[in-house]
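Step one of this worksheet: look at the structure below.
Read-outs throughout are calculated quantities, based only on the coordinates presented, and are distinct from any laboratory measurement. Since this is a predicted model, take the numbers as computed values, not measurements.
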Amino acid sequence: MKKAKRETKKTAKTRAKKPAKKPETKKQDRYFQALGRRKTSVARVRLWARGDGKFTINGKLLENYFQLSELKQQVLAPLAEMGSVDNFTISALVKGGGFRGQAEALRHGVARALVLFNADFRKRLKKAGFLTRDPRMRE
């Protein structure tokens, strides 16, 4: 015969616990995250809809991270295409590759995050070539 298991105070407490509620996020704290790639560079981009126009890369401002204005324009090209350069706050983490590869990975990631924000942007960004990943790698 099996003995009935006796319920102790400890097991009664653990059984009675309710699952913890997830903290509610405010609508303004919500962000859209996308991944951009180019050669060996990978960029994780987070885009917030609140618009102070701040763009940080690895904790530095865009102007301080990329010295060449050509690279800055390349990163901001998807935002310029949609006419919303100052409407979003963007932070990104970039790893690998050189500066040009990192800039193109950022461009890809920003474009993908914009599509997550608004699906209507997809057609214009696709036509401009910002959603296509360049698959070329060093042999």
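Hey, how much of the P(r) for region 26-139 falls beyond 26 Å, as a percent of Cα pairs? Distances greater than 26 Å cover 11 percent of the Cα pairs. Each part reduced to its alpha carbon centroid, region 39-97 and region 119-139 end up 16 Å apart.
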